[in-house]
1. So for segment 108-118 (the condition being out of contact with any helix residue (DSSP H, G or I) (no Cβ under 6 Å at 6 or more places or on another chain), hydroxyl-bearing (Ser, Thr, Tyr) and closer than 21 Å to Ala11 by Cβ), does at least one residue qualify?
2. Could you check segment 1-25 and list, in sequence order, the residues that are under 16 Å from Asn81 (Cα atoms) and touching a Ser or Thr at 6+ places or on another chain (Cβ under 8 Å)?
3. Please name all residue pairs, on different chains or six or more residues apart, with Cβ atoms under 9 Å, provided the first residue is in segment 4-17 and is closer than 17 Å to Leu52 by Cβ and the second residue is acidic (Asp, Glu) and crowded, with 19+ Cβ neighbours inside 10 Å.
4. Residues Asp93, Asp114: which one is in a helix (DSSP H, G or I), acidic (Asp, Glu) and surrounded by 16 or more Cβ atoms within 10 Å (Cβ to Cβ)?
5. Output the number of residues of segment 55-86 satisfying the condition of being assigned to a helix (DSSP H, G or I), acidic (Asp, Glu) and more than 14 Å from Ala97 (Cα to Cα).
Amino acid sequence: MEQILLIDDDAVINFIHEKIISSVYPDAAVVILENGQKAVDYIQKNQQNSYLVFLDINMPIMDGWEFLEAMQDYPNKENLNIHMLTSSVDLRDRSRAEDNSMVRSFLPKPLTKDVLRSIPFGEEPA
C-alpha cells in the first residue's frame, strides 16, 4: 500500500497540504506526523508500505536532517520517495538536500497541485 506522509510540525500547513493532496489524489491515504521521530516510528511499524514523503526541515524532537540520518539504514529505502518541503531559503539546506541520495527534490512551501502532479505517485491523477 502506498501512503503519503506529511512530516511537519505546522498544523496550518498540514491542513493546507492535506486539502491539496486530497484534491489531486482523493483516494490517497495521508498520514500527518509532527516530527521526524514519529515518522521513523510509523515507518518502522509499517514496513510493508511504500511512501511518498513530504519532509520539513525545522521541527522539534527530530528535524528533517535527523530523520534522513535515522532512515539511512532502513532496509526498504527503495520504498521511500522523499521530497524536502520547506520554507527554508538557505542555500546550504538546498545543497545538503541535493547531496543526500535519499532526497528526490527540494520544494518550497506551500505544495501546489502542479508540483504534486509532477511527482510520481500510485495511479496517475485524472
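The numbers here are math on the coordinates, done by the rules we state, and not lab data. Worth saying up front: this structure is predicted, and the values here are computed from it rather than measured. Using ideal geometry, Cβ is built from the backbone for each residue, glycine included, and neighbour counts are taken over all protein chains shown.
1. Looking through segment 108-118, at least one residue is out of contact with any helix residue (DSSP H, G or I) (no Cβ under 6 Å at 6 or more places or on another chain), hydroxyl-bearing (Ser, Thr, Tyr) and closer than 21 Å to Ala11 by Cβ.
2. The answer is Met1, Glu2, Gln3.
3. As it stands, the answer is Leu6/Asp56; Ile7/Asp56; Asp8/Asp56; Ile13/Asp56; Asn14/Asp8; His17/Asp8, since those pairs meet every condition given.
4. Going through Asp93, Asp114 in turn, just one is in a helix (DSSP H, G or I), acidic (Asp, Glu) and surrounded by 16 or more Cβ atoms within 10 Å (Cβ to Cβ): Asp93.
5. So the answer is 1.
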